[in-house]
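Only one structure is covered here, and it is reproduced in the block below.
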Amino acid sequence: MKRYIRHLAGLAGVALLLLSQLSSTAHAGISGTTIRLNLSVVNSPVPTVAPTLSGNFTYGITCTTPSGPAYVWVPTTPTITVNAATPLTSIGVVYSGTATTVPSVCTVSQLTRPTAPLGFAWNGSPPAVVVSNVVYSDRVPPYETQFNNVLSPATFAVTAEANAGGNVNCVSPVTYGNTSTCTAVASPGYTFVGFTTSGCAAPTSNPSLTTIAITANCNVTAQFAAIAVRPPQNIPTLADWSLMLLGLLMLAIGFAAKARRAR
């Protein structure tokens, strides 16, 4: 029995030694966890001349773990620098600097991006990417994230305003570099005076206005004025006694004329 127990103890020791070696072998050479940032920028709709985008996209990574230390990423705020005509793609890579074998959940967000080229605007923002079951290991391929950015022609508002006495309508919104047409209509009893703007057209008394090429939001104001109405004029009338006297006078003239003819 003692010999049997000694054999079991020996086998247990060998098993523990093998497990220890396998464990150390499995983790030998691990350099960290890798997250790849896949960036794209497209145009919608496709322009005649593709704009050039220059500047930095920055990202942030936060991880939650059930136990143990949270991941520390290098660099802490990864950056992708671009300087090329759109559409374009680019890739950035970040590595974790804290070891943990507990699966974690990491959220990767796009924090900033370059100013849109002249005449264009960013159309929405790419959503954050959640990566589950992130562990400290040399994973091939790395954990993937995708950030799609869209550039669209910039549009601006042409705001129509009018004082009492009429209304005005302007074409709005307007794509960068195009013009807007405004039309003023006076209400009954009013007349159109003129247009003023915040800088997108010269003042005019024409009830139809066309702006210059729009490159910013603009306000157009139409002025109206009430039409002057002449007060009613009193027409002199004869009173009742005056009418009677006039009638008697006419009769007298008639009799006198008749008497003269009778002679």
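Only the coordinates and a few stated rules stand behind these numbers; no lab work does. All of these numbers come straight from a predicted model, not from anything done at the bench. Every residue, glycine among them, receives a Cβ derived from its backbone with ideal geometry; neighbour counts consider all protein chains shown.
Which Rg and Dmax, in Å, describe the Cα atoms of the range 166-211?
11.4, 38
What's the extension gain from Ala50 to Thr77 if we count 0.36 nm per residue and subtract their Cα-Cα distance? Please report the intermediate quantities before stating the final value.
Values: separation 27, 0.36 × 27 = 9.72 nm, distance 2.93 nm.
Here the answer is 6.8 nm.
Against the 2.2 N^0.38 Å scaling, with N counting residues, where does the range 100-152 land? I'd like the Cα-based Rg ratio to two decimal places. Each step should come with its number before you reach the end.
Numbers: Rg = 15.5 Å, N = 53, 2.2 N^0.38 = 9.9 Å.
Taking N as the residue count of the range 100-152, the ratio is 1.55.
Largest first and in whole Å, what are the equivalent-ellipsoid semi-axes of the range 123-171 based on the Cα gyration tensor, each being the root of 5 times an eigenvalue?
Values: eigenvalues 565, 26, 5 Å².
Sorted largest first and rounded, they come to 53, 11, 5 Å.
Quick one: if the Förster radius is 51 Å, what FRET efficiency do Leu249 and Ile227 give, using the C-beta to C-beta distance and rounding to 0.05? List each step's numbers first, then the result.
On the way: r = 46 Å, r/R0 = 0.89.
Computed FRET efficiency for Leu249 and Ile227 comes out at 0.65.
Spin-label point model (7 Å from Cα, Cβ direction): what's the Tyr95 to Glu144 distance in nm?
2.2
Just for the Cα atoms in the range 62-207, what are the lengths along the principal axes, largest first, rounded to whole Å?
So the three principal-axis extents are 83, 34, 19 Å.
How far is it, in nm, from the label point at Asn217 to the one at Ala85 when both lie 7 Å from their Cα along the line to the Cβ?
Using points 7 Å along Cα→Cβ, the separation is 3.4 nm.
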